[in-house]
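Here is the structure we will look at.
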Amino acid sequence: MLESMTREDLIRYIEILSKNFLTLDGYWFLGVEEKFGIETAIDLDRHAWEQYAVSEANRIKELLGISEGTLADLERALQLISIAPCSGLKTALLGDRLVMTITKCRPQRARTRDGKGEFACKPVGLAHLSTFAKTINPRFETRCVFAPPDPHPEGIWCRWEFSIKKEWV
């Protein structure tokens, strides 16, 4: 079936898969939150995303043929993470650092729409993105510029910065 789809339909299908992935994660999170509370849900979610990041990064590394793991490689890899197609993910390579921004966070938008308010996703994002980056190259360091519960500008949910740890001589 995939072979017979047009390029446009394949792109739409990838966007649907990305939305479906986040929908499943969201329903799982809400179920855990309802039964065990928000703190437990965040802790379990952080653990799951950290483990998932290794598989996700290794598959993308193989797909892209990444061996060295430069910042440019990480930029290409981040553009293929499961949430990218539906999250308004933007990247910018700025000299010796890579900045990634999420402009459309489906889970946060769904929570605020449903009156649940934003949840403190920073530890989950840090677990996912730092593990993902270190799987691409163990020397990558990840810094959260801001993510909920931090205040954030309208239209931007979170921002992350990646750099390569300098070796001491």
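In what sequence do Leu24, Leu93, Leu2 fall when counting other Cβ within 10 Å, fewest first?
Leu2, Leu24, Leu93
Compute the distance in nm between two label points, each set 7 Å from the Cα along the Cα-to-Cβ direction, one at Ala110 and one at Ile11.
2.5 nm
Between Lys19 and Glu68, what's the calculated FRET efficiency when r is the beta-carbon distance and R0 is 35 Å? Round to 0.05.
0.60
Among Asp150, Asp73, rank each residue by its count of other Cβ atoms within 10 Å, from fewest to most, as a rough exposure measure.
Taking fewest neighbouring Cβ atoms as first place, the list is Asp150, Asp73.
Along the Cα→Cβ direction, 7 angstrom out, place labels at Leu80 and Ser55. What is the inter-label distance in nm?
That separation, rounded to one decimal, is 1.7 nm.
Can you give the net charge of the other residues whose Cβ lies under 12 Å from the Cβ of Trp157, counting K and R as +1 and D and E as -1?
After counting each charged neighbour, the total is +4.
By a straight-distance test (C-alpha under 18 Å), which lysines pair with Lys19 as possible cross-link partners, with residues fewer than eight away in the same chain excluded?
Cross-link targets: Lys90, Lys104.
Out of these labelled values of semi-axes √(5λ) of the Cα gyration tensor in Å, (i) 25, 22, 15; (ii) 50, 17, 13; (iii) 39, 16, 13, which was calculated from the coordinates shown here?
Read-out from the structure maps to (i).
Every read-out reported here was derived from the displayed coordinates using simple, explicitly stated rules and does not represent laboratory data. Keep in mind that this is a model prediction, so the values were computed, not measured. All Cβ positions, even for glycine, are placed from backbone atoms using ideal geometry, and neighbour counts span all protein chains on display.
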